Every structure is written in structure tokens, then in C-alpha cells.
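Take a look at the structure set out below.
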Amino acid sequence: MSGFVVAVDGPAASGKGTIAQGLGAWLGFPVLDTGLLYRAVGWAVTRAGGDADDAAAAEAAARALDARGLEEPALRTREAGEAASRVAVHAGVRAALLNFQRTFAAREPGAVLDGRDIGTVIAPHAPAKLFVTASPEVRAERRRRQLAGQGEAASLDEVLADIRRRDARDAGRDAAPLARAPDAVLLDTSEMTIEQAADAARRIVEAARARWEASRG
């Protein structure tokens with residue numbers, strides 16, 4: 001991996017997607033929201049009347065995935081998020097999507113990827129790694145506002161229950177569980193504005209890039 005890769009990991013609604021997009025714009029690098037891949041797989045399974053807990057059906061959907069459909073608005077819904085978390089536990093799904101993600105990470109002069117296993121599995125040698133998090137309550141309120149903006153009504157208690165359930169499933173799965181890489185810088189955005197979080201992320205990446213460039217002579 002010769003390009004400068006930025007790995008942005010963290011749980012749902014931590015702010016990692018917004019941070020990744022901001023870093024991509026700042027660096028001039030393409031950005032991949034890997035969660036959309038899993039949302040697309042889960043959505044494809046459920047839309048076809050299948051069960052997201054069916055490993056074979058989920059793997060088949062992953063292998064047939066057309067990345068051109070990642071801008072589908074339905075992938076941003078609460079239902080798609082739940083389906084994504086369910087299909088992501090299947091090792092076959094993760095294996096099917098691994099090459100796509102690693103190919104994206106290998107782009108020159110660099111790339112930004114956000115997800116839950118970027119720094120640990122997809123790009124373990126990434127020069128810059130961030131683990132973005134926030135308290136479950138803060139994340140639930142962010143997600144509730146996001147859903148409301150999309151016309152999806154949900155109570156804070158319902159969304160918080162979703163968040164806690166997804167956290168447990170993501171951290172407890174056998175295949176590439178959500179975990180902070182040992183060399184990832186922790187960024188807790190609980191008390192930060194979007195601007196403060198973006199500024200903190202840029203400083204972390206700026207320092208990592210300086211170290212990376214120095215190591216390359």
C-alpha cells in the first residue's frame with residue numbers, strides 16, 4: 001500500500017462519516033463509506049423478501065453487489081441500518097466485500113475509508129488511523145435528528161435501543177468485530193461541535209502525514 005490511507009473507524013452515529021467526508025475534501029482524496037456496502041447488501045436481501053440472518057442469502061447478495069447503487073436514498077434509512085448490522089456478522093459477506101474495499105484503499109495518491117474494521121482488517125497498515133466515538137445517548141440524539149430530517153419519525157428511546165443493540169452486535173461478532181486498532185487515535189466527539197471534531201481530526205491526520213512523509217525520506 002503506497003498511498004496515504006486514512007482509516008476512520010467507530011460505532012454508529014459517532015460522527016465518523018462526517019469527519020471522513022471532511023478529511024477527504026481537505027486532502028483531495030476519494031472517500032468510501034464502507035457501511036453503505038453492508039447497507040446495500042442488507043437492503044438487497046430484505047427487498048428480495050429474504051432474511052438478513054441467512055448467511056448464504058447475504059453472501060450471494062454481497063457477491064452480486066453493484067457499487068453504482070450506493071447513492072440510493074433507501075440505504076440511509078433506519079431499516080437499512082438494522083439490516084446492515086445483521087448481514088455484517090456473516091464471514092462470507094465480509095470476505096466478499098474485502099477486495100472491493102482494499103482496492104479502493106490502494107488508490108493513489110491516497111484514500112479515506114470509514115467503517116468499523118478499516119484500521120484493523122481492511123487497511124491495518126494505514127498511516128493515519130482514527131477511532132471516532134461518542135456516548136450512546138449523544139449518538140442516539142444525532143441519529144434521531146438525522147432520521148427526522150429524512151422524514152422518519154422515531155423516539156429517542158427507540159433510537160437509543162437501536163444504537164445499543166447495534167453496538168453489542170458489532171462488537172460481539174466473530175468476523176471483524178468493531179474494535180479500536182492499537183495505533184488508532186481516539187477522538188471522542190460527545191462534547192464537540194461538527195467544526196471542533198473536524199478540526200481535531202485534521203490535526204491528527206496532519207501529524208500522521210508528517211510522520212509518514214518523514215519515514216519515506
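The values are calculated or read from the model by the stated rules, or taken from the named source; none is laboratory data. All values derive from a computational prediction rather than experimental measurement. Glycine also receives a Cβ, built like all others from the backbone with ideal geometry; neighbour counts cover every protein chain displayed. Accessible surface areas use protein heavy atoms only, side chains included; no ligands, DNA or RNA. Shrake-Rupley method; radii C 1.70, N 1.55, O 1.52, S 1.80 Å.
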Answer with yes or no whether Val159 is outside any helix (DSSP H, G or I), touching a Leu at 6+ places or on another chain (Cβ under 9 Å) and buried (at least 21 other Cβ atoms within 10 Å of the Cβ).
-> no
Of (1) under 21 Å from Gly22 (Cβ atoms); (2) open to solvent by 80 Å² or more (accessible area, probe 1.4 Å); (3) not in a loop (DSSP other than H, G, I, E, B), Trp212 fails just (2)
Looking at segment 162-204, which of its residues are of a type in the set (Asp, Glu) and either open to solvent by less than 60 Å² (accessible area, probe 1.4 Å) or touching a helix residue (DSSP H, G or I) at 6+ places or on another chain (Cβ under 8 Å) (or both)?
-> Asp162, Asp167, Asp170, Asp174, Asp183
Of all residues in segment 168-179, count the ones that are basic (Lys, Arg) and assigned to a loop (DSSP other than H, G, I, E, B).
-> 1
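List the helices (runs of 4 or more DSSP H) inside segment 48-156, counting only whole elements, that have at least 1 residues being modelled with pLDDT of 90 or more, open to solvent by 40 Å² or more (accessible area, probe 1.4 Å) and under 25 Å from Asp199 (Cβ atoms).
Because the criterion is at least 1 residues that are modelled with pLDDT of 90 or more, open to solvent by 40 Å² or more (accessible area, probe 1.4 Å) and under 25 Å from Asp199 (Cβ atoms), the helices (runs of 4 or more DSSP H) in segment 48-156 that meet it are 136-149.
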Within segment 15-29, considering residues that are at pLDDT 95 or above and not in a helix (DSSP H, G or I), the one surrounded by the fewest Cβ atoms within 10 Å (Cβ to Cβ) | Gly28
Can you find even one residue in segment 33-46 that is aromatic (Phe, Trp, Tyr), open to solvent by less than 20 Å² (accessible area, probe 1.4 Å) and closer than 26 Å to Gly149 by Cβ?
-> yes
Within segment 117-124, is even one residue without any contact (Cβ under 8 Å) to a residue 12 or more places away in the chain and either over 27 Å from Glu59 (Cα atoms) or within 16 Å of the chain's Cα centre (by Cα) (or both)?
-> no
Index of the failed condition, Pro182 passing every other in (1) over 19 Å from Ala83 (Cβ atoms); (2) not in a loop (DSSP other than H, G, I, E, B) = (2)
